[in-house]
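Read the structure below first, then the notes.
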Amino acid sequence: MINQSIQLSFRQVRALVEHTLLLFKELDQQLANRGYEPVLPDVVQTEHGLSIHQTKESAESLVPHFLTRTYVRQQEKTNQHGLLISVQYTHPLHERFDPVVLVGDVTFKQVKHAHKILSEKPWLLKYAAFESTIAQEFVADGTRYTTQPIEEIEELIVWGHPFTEMRDIDDVKRLVEEMISRHLEPGTT
């Protein structure tokens, strides 16, 4: 029989994931109002497949380390840039880790790579923030860092905030403004 602390832990994990999905749902709406759409409308991405390998670290792979959504401008036949957002729950290189919201603004070297990268590489923000050349300096405090995590990318600007800062709609609206600020026409909001 499962004891009460394990039941509570499962409820807390479920609540964390549900809060993330609500954040993504609100981001979808706010970004749609600003002319963006999800690359994969019905999908929240992560790095794990359906299989869990049986090793002493199996428990680490039971829960996803992150969930990601990617966005491009609506009505554009080609997209030179995309927006990425991930909620990073844990990371194997960090023993003590508080969940963070990672944000990325990516510019592609060639437009033809945009959709493929945004739909097939959900780990880009995790890699950029915690495993690339900026990893030693990265702090999820809103500071922006620029990197080139893979060859097909011209530039990836990545920043983050503690997940606990996403408390209400106003916080999400501020996050959306941060995400799109480089792509607004001068004089618009």
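The values are calculated or read from the model by the stated rules, or taken from the named source; none is laboratory data. This one's a predicted model, so the numbers in the text were calculated from it and none came from an experiment. Note that we place each Cβ from the backbone using ideal geometry, even for glycine, and neighbour counts take in every protein chain shown. Side chains are part of the model used for accessible areas, which takes the heavy atoms of the whole protein and leaves out ligands, DNA and RNA. Shrake-Rupley method; radii C 1.70, N 1.55, O 1.52, S 1.80 Å.
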Query raised in the report: Only one residue in 40, 22 is loosely packed, with under 14 Cβ neighbours inside 10 Å, under 23 Å from residue 178 (Cβ atoms), modelled with pLDDT of 85 or more and not aromatic (Phe, Trp, Tyr), so which one is that?
Result: 22
Query raised in the report: Which one of these is modelled with pLDDT of 85 or more and β-branched (Val, Ile, Thr): 72, 63?
Result: 72
Report task. List every residue pair whose Cβ atoms sit under 7 Å apart, with the two residues 6 or more apart in sequence or on different chains, where the first one lies in region 106-119 and is under 11 Å from residue 82 (Cα atoms) and the second, anywhere, is open to solvent by 30 Å² or more (accessible area, probe 1.4 Å) and assigned to a strand (DSSP E or B). Result -> 107/154; 107/155; 108/154
Report summary line: Of 90, 107, the only residue that is over 18 Å from residue 25 (Cα atoms) and at pLDDT below 90 is 90
Query raised in the report: Restricting region 122-131 to residues that are in contact (Cβ under 8 Å) with a residue 24 or more places away in the chain and open to solvent by 60 Å² or more (accessible area, probe 1.4 Å), which is nearest to the chain's Cα centre (by Cα)?
Result: 123
**Report entry** Sole exception among (1) within 23 Å of residue 36 (Cβ to Cβ); (2) open to solvent by less than 20 Å² (accessible area, probe 1.4 Å) for residue 134, by number
**Finding:** (1)
Query raised in the report: Just to be sure, is residue 101 within 21 Å of residue 164 (Cβ to Cβ), in contact with a helix residue (DSSP H, G or I) (Cβ under 9 Å, 6 or more places away or on another chain) and modelled with pLDDT of 95 or more?
Result: yes
Query raised in the report: How many residues are β-branched (Val, Ile, Thr) and within 11 Å of the chain's Cα centre (by Cα) when one looks only at region 83-120?
Result: 5
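Per-residue answers, yes or no, for (1) open to solvent by 30 Å² or more (accessible area, probe 1.4 Å); (2) farther than 22 Å from residue 79 by Cα:
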| site | (1), (2) |
| --- | --- |
| 101 | no, yes |
| 105 | no, no |
| 112 | yes, no |
| 143 | yes, yes |
| 147 | no, no |
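Filtering region 151-186 down to residues that are within 19 Å of residue 72 (Cα to Cα) and β-branched (Val, Ile, Thr), which residue is farthest from the chain's Cα centre (by Cα)?
The qualifying residue farthest from the chain's Cα centre (by Cα) is 153.
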